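Written out below as structure tokens is the structure these notes cover.
The numbers here are math on the coordinates, done by the rules we state, and not lab data. Model, not experiment: these values are computed from the prediction. Quick reminder, even Gly has a Cβ in these numbers, built from the backbone with ideal geometry, and neighbours come from all protein chains shown.
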Amino acid sequence: MGTETETREILFLNPVFKEMIWGGDRLQKDWGYRIPSPQTGECWAVSAHPHGDCTVREGRYAGKHLSELWREAPELFGFRRESSFPLLVKIIDAQSDLSIQVHPDDAYAAKWENGSLGKTECWYILDAPENASLVMGHNAETREQLAEMVRGGRWKEFLRYVPVKKGDFLQINPGTVHAITAGLVILETQQSSDITYRVYDYDRMQNGRKRELHIEKSLDVIAVGPEAGKGGIKRAEQIEADCEPNRLCLLIACGCYRVWKLEVRGETAFEQDTPFMIMSVIEGEGRICGHGIRKGDHFILPNGLGTVRLEGNMGLIASSVCG
Ligand code: ZN
């Protein structure tokens, strides 16, 4: 048995909320969070980004920002080399359509965005209306055609819509044109970056004016060609078929992160052998290492935690860095 100071604690976090013109009130209604207004679009659940730096909710590190812990207690994260906490997990409530957007990769962001990270992201669909679809990819075949369609505002021709439903999982690589549509609630796991280029915003007004577009940068980074926009979709049925209850089930491994789904039915345990693991409870309730948890809780399993025991009836999404 280690002494009290040697025991690693699970880091439970306080989310940061973001009001958005497209946001709603479901983060309160469906998730029980105290939100700043009924136009709240995002819950930054696990983040050390300067635009939303979560604090620890309880325990030895209560009140500390995640960014501070990353610097001051690197042992909790396996002494990683990244200069800041590399991942960001958020829940998005889209009461109306989000703008059509695209993100740069690391190389482009480093050069043109003050050394920021690029943004690779993935979405687990938490809720979707009947017959929902979202924007993923486009129909331009060459860079010339891309420029013509975007500059000419030929959105109907340009945008590619894919049908989605609750439980689907989508990977959005940098350079992929994408947009979340009205009625979707998703859990996003992404690189810790806030660099978004807005391609089209449906000509909406905010405080009497349109939000800024970033056409030139978008045209620079939008991928064209057979692989463009093919980050990949894993359908709910496929996930259901591939994933056994009580086991971490890998949804994606890319250069930026690994993401798993875990359905707890009764009791289970696993070894925490990643540098650190983020977990979000998306359904039900139960316990982790004796600590009560329920839908809407987000926490980090530190390095060296050892055997993680879970019990209850719940669904979780987990993530970690790659390698
Ligand atoms: Zn995005």
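Over all pairs of different C-alpha atoms, the range 102-236 has a mean inverse distance whose reciprocal, the Kirkwood radius, equals 15.5 Å. Listed cross-link partners Lys234/Lys295; Lys111/Lys234; Lys18/Lys210; Lys29/Lys217 are compared with a 28 Å cut-off, the Cα-Cα value being larger for Lys111/Lys234; Lys29/Lys217. Using every alpha carbon pair in the range 244-320, what percent of pairs falls into each 10 Å bin from 0 up to the bin containing the largest distance? Here the calculated profile for the range 244-320 is 20, 59, 20, 1. In order along the range 170-186, phi translates into HN-Hα couplings of 10, 9, 10, 6, x, x, 8, 5, 8, 7, 7, 10, 4, x, 7, 10, 9 Hz, rounded to whole numbers, per the Karplus curve 6.51 cos²θ - 1.76 cosθ + 1.60 with θ = phi - 60° and x for Gly and Pro. Scaled to the globular estimate 2.2 N^0.38 Å, the Cα spread of the range 57-166, given as radius of gyration, is 1.49. The orientation-averaged projected area of the convex hull spanned by the Cα atoms of the range 191-323 comes to 11.6 nm².
Normalising by residue count, the range 12-91 has a Cα convex hull of 94 Å³ per residue. Stokes-Einstein diffusion for the range 6-237, with the hydrodynamic radius set to the Kirkwood value over Cα pairs and evaluated at 4 °C in a medium of 1.567 mPa s, equals 69 µm²/s.
For a modelled paramagnetic label at Arg160, 7 Å from Cα along Cα-to-Cβ, the residues of the range 171-213 in reach, with backbone nitrogen under 14 Å, are 171-179.
Within the chain, Cys43, Cys54, Cys122, Cys254, Cys256, Cys289, Cys322 have no other Cys Cβ under 4.7 Å of their Cβ and so lack a disulfide-compatible partner by this rule.
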